[in-house]
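Chemist: Dropping a structure here in structure tokens format, bear with me for questions.
The values are calculated or read from the model by the stated rules, or taken from the named source; none is laboratory data. Just so you know, these numbers come straight off a predicted model, no measurement behind them. Backbone-built Cβ (ideal geometry, glycine too); neighbour counts: all protein chains shown.
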Amino acid sequence: MIGNKVNINNYKKRWSILKNDHAYPNTNLVRLEKWFLKTPGRVLDHGCGYGENLIFLTTKGHNVTGVDISEDLIEFVKLKCKLRKTPPTLFNLIAITGEEPLPFEDKSFDHIISLGILHLMGDKETAYKCIQELIRCLKPGGKIIVSTQGKGNSHVEDAKPLGNESYFYEETKANSSFDGTERNSKDSYLKLELYAPDNEESFAALFEGCEVSEVGSWDNDYCGVKGKHLVALATRKI
């Protein structure tokens, strides 16, 4: 098993409501597409969510395969791509279980992005398995960008440490950032097991088989939310 069963079920429940759509890609990805990926190719968007990163990458000439564990989100992104007139030859969308190996042959992609997904693996061992599965799908010389919540992120600060870089986060009315119709129902609050690396070196160690160019971070701290993420830029070894 690669994913975290508890988190998978909670993720599907939350995002099936489709209330957090936005009309812009991750601004850090916009920079890194130019500075790090550089060359258009076949890209895997691991955890494509509402599809804005996928759509952005197609505008830069990439052919993007988006995967997500939410069937509702996959159908939503299909509709969004149609409305945005995204060329159907430049994208593919696949619902995955999150518990099984990815449905791709070894060395299938020129680039892989996985933004804001790894913390949902719940612990370091499962995070390592996830990264290694992504690397399996990456061509030699291919580039991978992965971000994960780090220490200083609001979710991690509000969570209970479980040891081995694992945390238990329980959403409450006080700390919820969810603005859906079920906000006042305690049954709608998330209970998540989170992975958050202790430091940059520990995060980089997950990328066995790759040369890690650097581990950096991006952050926001406003409106009561601290969005600290670590980001690793790596290249699969030949």
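Chemist: Go through the range 200-224 residue by residue and tally those that are under 22 Å from Asn4 (Cα atoms) and surrounded by 13 or more Cβ atoms within 10 Å (Cβ to Cβ).
Modeler: 6
Chemist: Would you mind stating whether Gly227 is at pLDDT below 95 and surrounded by 13 or more Cβ atoms within 10 Å (Cβ to Cβ)?
Modeler: So Gly227 fits the description; yes.
Chemist: Follow-up. Within the range 70-83, take every residue that is at pLDDT 95 or above and touching a helix residue (DSSP H, G or I) at 6+ places or on another chain (Cβ under 8 Å) and give me the one that is surrounded by the fewest Cβ atoms within 10 Å (Cβ to Cβ).
Modeler: Lys80
Chemist: If you check every pair at least six apart or on different chains, which have Cβ atoms under 6 Å apart with a residue in the range 22-43 that is surrounded by 16 or more Cβ atoms within 10 Å (Cβ to Cβ) first and a residue that is part of a helix (DSSP H, G or I) and of a type outside the set (S, T, N, Q) second?
Modeler: Note: pairs meeting the criteria are Pro25/Glu52; Pro25/Phe56; Val43/Leu57.
Chemist: Okay, moving on. For the range 193-232, what are the residues that are under 15 Å from Ile117 (Cα atoms), touching an Asp or Glu at 6+ places or on another chain (Cβ under 7 Å) and of a type in the set (A, V, I, L, M, F, W, C)?
Modeler: Ala196, Leu230
Chemist: Among the residues of the range 117-156 satisfying the criterion of being among the small types (Gly, Ala, Ser) and in contact with a Leu (Cβ under 9 Å, 6 or more places away or on another chain), which is nearest to Glu100 (Cα to Cα)?
Modeler: Looking at residues that are among the small types (Gly, Ala, Ser) and in contact with a Leu (Cβ under 9 Å, 6 or more places away or on another chain), I get Ala127.
Chemist: Next question, about the same structure. Looking at the range 141-159, I want the residues that are in contact (Cβ under 8 Å) with a residue 40 or more places away in the chain and have a partner that is assigned to a helix (DSSP H, G or I) and among the β-branched types (Val, Ile, Thr) with Cβ atoms under 8 Å, at least 6 apart or on another chain. Which pairs are those?
Modeler: Ile144/Ile135; Val146/Ile131; Gln149/Val156; Gly150/Val156
Chemist: When you look at Leu73, is it touching a Cys at 6+ places or on another chain (Cβ under 8 Å) and either among the β-branched types (Val, Ile, Thr) or under 19 Å from Leu120 (Cα atoms) (or both), yes or no?
Modeler: Judged against the criteria, Leu73 is a match.
Chemist: Here are some conditions: (1) farther than 24 Å from Lys13 by Cα; (2) at pLDDT 95 or above; (3) surrounded by fewer than 17 Cβ atoms within 10 Å (Cβ to Cβ). Lys160 meets all but one. Which one does it not meet?
Modeler: (1)
Chemist: Which of the strands (runs of 3 or more DSSP E) found entirely inside the range 60-167 contain at least 1 residues meeting this: in contact with a Phe, Trp or Tyr (Cβ under 7 Å, 6 or more places away or on another chain) and not β-branched (Val, Ile, Thr)?
Modeler: 63-68, 138-149, 160-163
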